[in-house]
1. Report whether or not residue A:376 is part of a loop (DSSP other than H, G, I, E, B) and in contact (Cβ under 8 Å) with a residue 12 or more places away in the chain.
2. Output the qualifying pairs, or none if there are none: Cβ atoms under 7 angstrom, residues six or more apart or on different chains, first residue in segment A:194-209 and under 16 Å from residue A:369 (Cβ atoms) and among the β-branched types (Val, Ile, Thr), second residue modelled with pLDDT under 85 and part of a helix (DSSP H, G or I).
3. Report, by residue number, each residue of segment A:209-227 that is within 28 Å of residue A:254 (Cβ to Cβ) and in contact with a strand residue (DSSP E or B) (Cβ under 9 Å, 6 or more places away or on another chain).
4. Are there any pairs, at least 6 apart or on different chains, whose C-beta atoms fall under 6 Å, with the first in segment B:206-227 and in contact (Cβ under 8 Å) with a residue 60 or more places away in the chain and the second among the aromatic types (Phe, Trp, Tyr) and crowded, with 16+ Cβ neighbours inside 10 Å, and if so, which?
5. Among the listed residues A:173, A:226, A:262, A:253, identify the single one that is in a helix (DSSP H, G or I) and at negative phi.
6. Among the residues of segment A:224-243, write down those that are β-branched (Val, Ile, Thr) and without any contact (Cβ under 8 Å) to a residue 40 or more places away in the chain.
7. Can you pull out the residues in segment B:60-96 that are assigned to a loop (DSSP other than H, G, I, E, B), closer than 17 Å to residue B:169 by Cβ and in contact with a helix residue (DSSP H, G or I) (Cβ under 8 Å, 6 or more places away or on another chain)?
8. Every residue in segment A:283-305 that is more than 8 Å from chain B (Cβ to nearest Cβ), under 15 Å from residue A:7 (Cβ atoms) and among the aliphatic types (A, V, I, L, M), please.
Amino acid sequence: MRILLQIAWRNLWRNTRRTLLTASTVGLGMALLLLFLGLNDGVHRQMIEGAVRLGSGHLVIQSPGYQELGGLERALEADAAVRALRWLQQVSAGFPQQAVAPRLFGSALASSADGSTGVRLLGVDPDREIEASDFAQKLTLGEFLTQGDADRVILGSGVARKLKLGLGGRMVLMAQAAGNPEIESRLVRVGGVFETGLDEYDQTLVIAPLETAQEFYRLPGKIHQLAVILEDETDSEPLARQGQRRFSNLEVLSWREALPELEDYIRMDDAGNYVFNLFLFLLIAFMVLNTLLMSVLERAREFSLLDALGFPPRQRFWMVLMEAFFIGLLSCVLGLLVGYPAHLYFAVQGLPLDVFNLRDVSAAGVAVEPILYSHLSWARMAQAILAVFTLTLLLALLPARRAASLGDVHLLGT
Amino acid sequence: MSRRVLRLNEVSRIYHQGDQEVHALDRLTLELFAGEFAAVAGPSGSGKTTLLNVAAGLDRPDRGQVFLNGQEITGLSRAERARIRLEQIGFVFQSFNLIPVLSAQENAEFLLLLQGVTAGERRRRVGEVLHEVGLDGLENRRPGELSGGQQQRVAVARAIVSRPKLVLADEPTANLDSETALSLLDLMEGLNRSHGTTFLFSTHDPRVMQRARRLIRLLDGRIDEDRTKPDPPHQTAATSGGP
């Protein structure tokens, strides 16, 4: 083995320029791969974060069927919500949580002196919601709700525009309460206006204190959803599975299940990126294959000599694979030396979307932040390294086979 | 009687050139015994190289059998023949054919490493053999840093270090000047006499033919003449007064 390693390593440096050029090409490919993966995962991470902060949370606990059917009456009883909260507390050591927010959803007709529009009403616990969602950060006017607010609401900028309402403006909410044919109405004041950049929220959403919403819809003590924000997004799936095992009478969903359109978008985007990366690597692969094959064919006489001396075909095969292994190793080192700092730059400084003349971009119902920040997990880096090694070694199989089969009878006589 | 090292029995090797068959070896039978210092001579195309290739198991005969130290190698797989070469045959090539990335010492050590000889034993044997071929002080030089004669000495060291039963030397003096060639012949003959190593040369070089104690002349793939000579009065590098 020592002699194999020794010859393989020294063979690399017989043509230093070629070895460095090959390793640099593969390394550059790997650096680009790291950069693309980092930016891609970064965008997805920001989108997930944005979606869970404005929507479901990383984990949703609700009544069975609520995800598919909705409905005002499909609310969680107070004792079910308490049991769910206790469970969340029990698992918090293994699955650290940033916030747990109770929410109640309904629809209503909102009217002002200047018009009326259909709205979605979201009842929230102000103290918990401010930890869980980004609505407070998206306020363009006024302040977020506080405990004790009863008739103050905040609304999307589109709703405010349609109803021509400013801070302190009054509007009437009208809706049919749960299990009651009568139409309920309630006068509320505008305490703030938010703008998320997403029509789904800006054009239709009104946020009210939880108790106000419960009174309005006659659902005292009830909620529709517990939205959980986790410290680590990747805990979402295992915690959801655990919750599903624990509560047969509740719907416990990960963000992927609660936001299937976002999940589909990310998968499609990943698939597109994989295809792009594949093409990138195919281009590099041809160069690596060419280099390795040339290097073996140039040394045909040497391989014949090794054959004559009794160096077994299998060992010649391994020798070329080891050369490829060293090229792979060198490429990975170069790739990491270039790719990781590039990732770090974009992780800290970010990539402003306006350099591509992109503004107010949204995808799958989620607003894309104006600055993209790269995010590269260790697992992703390991995948990239594995991809480079696998590719290099796979490409070396053909030259290695050739090296093993070279046994030139014409070595003698020349 | 000496032990038989090599036996070629009715060996034929046929090459095809278009529609024509060329009999490189034509029902050739040859025996070589331990301690012989033999040369195969003949005009180009007479089958010298093919004979060496077939004897080493680098090429397979179309007919006949090849026995090396009593073992038939004709039907063995490539890997098995490679193993036999590793353990039983030493090579000296016309164009030296050293491994360019290894030093003189490492080239000489190469076969011992493949044979799994221990580090201490390797060091001892390589040191001895490099001293024997006159390469003291040049152990760490790579082939590119050595003269032709020095490279061929390394090749001889590599050929004999594993104590093979048979050394096949293919035109070993062809690329050397007269003085270096005679010096190399002295060296190989000395090794033949002191260690009893069997040498089989293919050659055009009259000096080698003169020095060989057995001369086999080939013509059209057959043995035209097989003559064992009494020990010749040979010209050495010291007495040649060569260039």
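1. Values: part of a loop (DSSP other than H, G, I, E, B): yes; in contact (Cβ under 8 Å) with a residue 12 or more places away in the chain: yes.
So residue A:376 fits the description; yes.
2. Close Cβ pairs (under 7 Å, with a partner that is modelled with pLDDT under 85 and part of a helix (DSSP H, G or I)) amount to A:196/A:54.
3. If we filter segment A:209-227 for residues that are within 28 Å of residue A:254 (Cβ to Cβ), which is where we start, we get A:210, A:213-214, A:217, A:219, A:221-227.
Selection gives A:210, A:213, A:214, A:217, A:219, A:222, A:223, A:224, A:225, A:226, A:227.
4. B:208/B:201; B:212/B:37; B:213/B:37
5. On the way: A:173 fails: in a helix (DSSP H, G or I); A:226 fails: in a helix (DSSP H, G or I); A:253 fails: in a helix (DSSP H, G or I).
Unique residue meeting the criteria: A:262.
6. Taking segment A:224-243 and keeping what is β-branched (Val, Ile, Thr), we get A:228-229, A:234.
Across segment A:224-243, the qualifying residue is only A:234.
7. Pass one, segment B:60-96, residues assigned to a loop (DSSP other than H, G, I, E, B): B:60-62, B:69-70, B:73-77, B:93-96.
Then keep just the ones that are closer than 17 Å to residue B:169 by Cβ; that gives B:93-96.
Passing the criteria: B:93, B:96.
8. A:296 - this is the single residue of segment A:283-305 that is more than 8 Å from chain B (Cβ to nearest Cβ), under 15 Å from residue A:7 (Cβ atoms) and among the aliphatic types (A, V, I, L, M).
The values are calculated or read from the model by the stated rules, or taken from the named source; none is laboratory data. Because the structure is predicted, anything quoted here is derived from the model rather than measured. Cβ sites come from the backbone with ideal geometry, for glycine too, and all protein chains shown count toward neighbours.
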